[in-house]
Amino acid sequence: MPAACSPNVMEVPPERLYLSIHSELSEDRHKQFLKCLAAREARQPVAQITGHRAFWKHEFRVTRATLDPRPETELLVEVALETAFERVLDLGTGTGCILLSLLAERPAARGVATDISEAALAVAQENAERLSLYERAHFVQGDWFHGVEGRFDLIVSNPPYITEAEMAELAPDVRDWEPHTALTPGGDGLGAYRAIAFGAFARLKPGGRIALEIGPTQAAAVSAMLTAQGFADVEVRQDLGHRDRVVLAHRP
Ligand SMILES: C[S@@+](CC[C@H](N)C(=O)[O-])C[C@H]1O[C@@H](n2cnc3c(N)ncnc32)[C@H](O)[C@@H]1O
């Protein structure tokens, strides 16, 4: 995968590094290494420097236009895979990591993914092509459900959920480098869930399921929104750090 600024300037796998310990670094490669180091000193996230990040079972291309896929989000994939689905909708797809991981696990399934960011969708499309999943993934640019047709067995989303106040507390690696539209909907951090809960019921087939990643303090608020829209069997799952991380529910 082409890297934004590959720090592997010697182009050897880590386990062979000691065998190459006496090789000379060319001037070009030395410069390349210093450039990567400077990027990290400026607090650019490692995934943006290398241009990729491992998520679930694959490597995903990452740029400044996309959220760097987080390990916590793998719980959303795990939970989603408990459902049998043929048609899945991923809202706010970013790199496409959730939708493409799900499609890779279910060879008969097809998916639609939306994002407000055209630049993020271009990266998701590139990831779909690289993973040979582009024929089963359809990308739509727009606000949540805008331009999405038909009904689905499963809706998944990891929407922006950081509050305006929390944004000021974030490490510079995140706040100064990752897209703010991917991190926060502003205000109380719940705006995206309101829009998604409101639109999701009509987009799910009866018996269909919704699974949403949440911030650790948002379980009660998001569960209440889903209940108010008519969803049943609302459930909260915790991540490996024992924090509330995913809310899921059924359309009766
Ligand atoms: C937290 S990131 C999640 C990205 C990816 N799904 C993941 O889990 O790594 C949220 C994504 O939602 C997108 N987004 C923000 N507001 C949106 C909106 N109104 N409609 C659609 N997508 C939106 C952002 O561009 C971003 O890609």
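Please find, within region 194-222, the residue that is nearest to the chain's Cα centre (by Cα) out of those that are assigned to a helix (DSSP H, G or I) and surrounded by 21 or more Cβ atoms within 10 Å (Cβ to Cβ). That would be Ile196. When we screen Ala182, Ala124, Ala119, Ala128 for residues that are over 21 Å from Ala54 (Cβ atoms) and in a helix (DSSP H, G or I), the only hit is Ala119. Of all the numbered requirements in (1) more than 23 Å from His58 (Cα to Cα); (2) hydrophobic (A, V, I, L, M, F, W, C); (3) at pLDDT 95 or above; (4) more than 13 Å from the ligand (Cβ to nearest atom), Ile162 misses one, and that requirement is (4). Anything in region 97-111 that is more than 9 Å from the ligand (Cβ to nearest atom) and surrounded by 22 or more Cβ atoms within 10 Å (Cβ to Cβ)? List them, or say none. Result: Leu100, Ser101, Leu102, Leu103, Gly111. When the residues of region 143-159 are narrowed to those that are among the charged types (D, E, K, R) and loosely packed, with under 15 Cβ neighbours inside 10 Å, which ends up nearest to the ligand (Cβ to nearest atom)? Ranking the qualifying residues of region 143-159, first place goes to Asp143. Residue by residue through region 205-247, note down the ones that are closer than 18 Å to Asp153 by Cα and touching a Phe, Trp or Tyr at 6+ places or on another chain (Cβ under 9 Å). Lys205, Gly208, Arg209, Ile210, Leu212, Glu213, Leu226, Gln229, Gly230, Phe231, Val247, listed by residue number.
Just checking, does region 41-53 include any residue being within 25 Å of Lys205 (Cβ to Cβ), away from the ligand (no atom under 16 Å from the Cβ) and of a type in the set (Lys, Arg)? Checking region 41-53: not a single residue is within 25 Å of Lys205 (Cβ to Cβ), away from the ligand (no atom under 16 Å from the Cβ) and of a type in the set (Lys, Arg). Scanning region 131-158 for residues that are closer than 12 Å to Gly199 by Cβ and acidic (Asp, Glu) yields a total of 1. When region 52-95 is filtered for residues that are in a loop (DSSP other than H, G, I, E, B) and surrounded by fewer than 17 Cβ atoms within 10 Å (Cβ to Cβ), the ones remaining, listed by number, are Lys57, Arg64, Arg70, Leu81, Glu82, Ala84, Glu86. Screening Val246, Val174, Val234 for residues that are part of a strand (DSSP E or B), in contact (Cβ under 8 Å) with a residue 12 or more places away in the chain, within 16 Å of the ligand (Cβ to nearest atom) and not hydroxyl-bearing (Ser, Thr, Tyr) leaves exactly one candidate, Val246. What residue, of Ala108, Ala65, is closer than 30 Å to His250 by Cα, modelled with pLDDT of 95 or more and not β-branched (Val, Ile, Thr)? Going through Ala108, Ala65 in turn, the sole match is Ala108.
When Ile98, Ile49 are checked against the criterion of being assigned to a helix (DSSP H, G or I) and touching a residue at least 60 places away in the same chain (Cβ under 8 Å), a single residue qualifies: Ile98. Looking across region 75-113, just one residue is under 18 Å from Lys205 (Cβ atoms) and among the hydroxyl-bearing types (Ser, Thr, Tyr), and that is Thr83. All conditions in (1) without any contact (Cβ under 8 Å) to a residue 60 or more places away in the chain; (2) under 20 Å from Phe145 (Cβ atoms) hold for Arg87, with the sole exception of (1).
The values are calculated or read from the model by the stated rules, or taken from the named source; none is laboratory data. None of these values were measured; they are calculated from a predicted model. Methodologically, a virtual Cβ is constructed for each residue, glycine included, from the backbone with ideal geometry; neighbour enumeration extends over all protein chains shown.
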